[in-house]
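Data first, discussion second: the structure below is written as structure tokens.
The values are calculated or read from the model by the stated rules, or taken from the named source; none is laboratory data. Keep in mind it's a predicted model, so treat the numbers as computed, not measured. Every residue, glycine among them, receives a Cβ derived from its backbone with ideal geometry; neighbour counts consider all protein chains shown.
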Amino acid sequence: MKNKLNIGDRVQHLKRKEWGIGEVFRYTTSEKFEVFFLNAGVKKFSIDSINHLSILTADEAKSSRLDNLRVSIVSKKGEKDTFIFKSLSDSIQEFKDKYEEGFNDLVYLERERNYKIEAHDLATELLSESTYKELLDSDEHEEIFTRIKKILSKQNFLHKIGEKMKFNDAFKDNKENRIKFVKILYEYLFSNQSEEQKFDILSDFLGKCKIDKWPTFSVFGFLFFPERYILIKPKQVQDAAALSNFDIKYNNKLNWKTYERTKLFYNILKSELEEEQLYPKDMIDIQSFMWEIKLLEKKI
């Protein structure tokens with residue numbers, strides 16, 4: 001072991017291997033440093049205890065979560081630093097304890113999945129790609145918009161007073177915007193453009209309509225294609241990302257970087273769940289898992 005570790009070094013504690021892979025993320029003094037461990041959070045060390053840590057090889061050190069590490073230290077006057085953390089493995093175990101059959105558990109299906117699938121089924125029934133195109137080709141824009149409103153009315157992903165009402169008000173007296181919206185949404189859902197291109201077009205239009213909020217933007221893809229599109233409910237994804245110390249680069253304003261990194265976070269959760277013999281069927285299960293897990297504060 002060398003005399004000093006560098007920030008970014010990946011390590012393992014020789015006597016506490018259950019802590020998992022760790023990364024040196026800061027020096028608080030020239031003699032003291034802190035390491036974030038995947039299964040234990042932040043641990044403090046002094047230079048004198050450096051021999052308790054083993055530097056990992058490149059292959060041993062691979063970790064998508066540590067590659068996107070965001071360590072948050074909340075300092076409160078007169079108190080010790082509080083680190084908000086709960087290991088993902090603990091959260092997965094709690095989920096298993098609550099739902100013995102995992103994502104196939106009958107209680108889970110009733111509480112979290114079935115009503116979301118019903119909303120998805122309604123969306124694809126009312127506006128399948130072929131139906132949507134036929135209505136567009138026939139200039140039935142108002143019928144398409146009516147169906148979109150019906151789909152939104154049957155789900156609870158958007159807040160009734162805030163997001164649903166603002167969506168309806170944005171188009172209430174503006175036929176031109178209704179026509180533009182149904183055309184843009186069709187391209188977003190069914191065109192072969194890149195996901196980033198489609199993101200930019202839809203988010204820009206929602207911004208002009210003053211309804212450019214994450215739930216409003218993301219709900220349509222999530223409803224129609226939950227196997228590949230994510231739902232972003234800001235507090236939920238921020239809490240889940242903070243729990244895992246994953247940096248999603250969150251910004252209240254719609255932007256591709258936040259969307260891209262939140263989707264990466266969804267996919268990393270999917271991989272972690274699969275490693276624990278839980279097999280999410282789609283983004284609905286991953287979003288539901290985020291909803292179930294809770295943050296835990298630990299003093300460090």
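Descriptive notes on the structure:
- Flag if residue 107 is surrounded by fewer than 18 Cβ atoms within 10 Å (Cβ to Cβ), in the same structural domain as residue 273 (by TED's automatic domain parsing) and of a type in the set (Val, Ile, Thr): yes
- Pair list, Cβ under 7 Å, 6 or more apart: the stretch 82-100 residue surrounded by 15 or more Cβ atoms within 10 Å (Cβ to Cβ), other residue acidic (Asp, Glu) and modelled with pLDDT under 75: 82/297; 84/297
- The set of residues in the stretch 135-163 being surrounded by 14 or more Cβ atoms within 10 Å (Cβ to Cβ), within 25 Å of the chain's Cα centre (by Cα) and among the β-branched types (Val, Ile, Thr) consists of 148, 151.
- Taking the conditions (1) at pLDDT 95 or above; (2) farther than 16 Å from residue 293 by Cβ; (3) surrounded by 12 or more Cβ atoms within 10 Å (Cβ to Cβ); (4) not β-branched (Val, Ile, Thr) in turn, residue 125 satisfies each one other than (3).
- Helices (runs of 4 or more DSSP H) enclosed by the stretch 190-299 - at least 2 residues per element that are farther than 27 Å from residue 110 by Cβ: 195-208, 214-224, 234-244, 256-275
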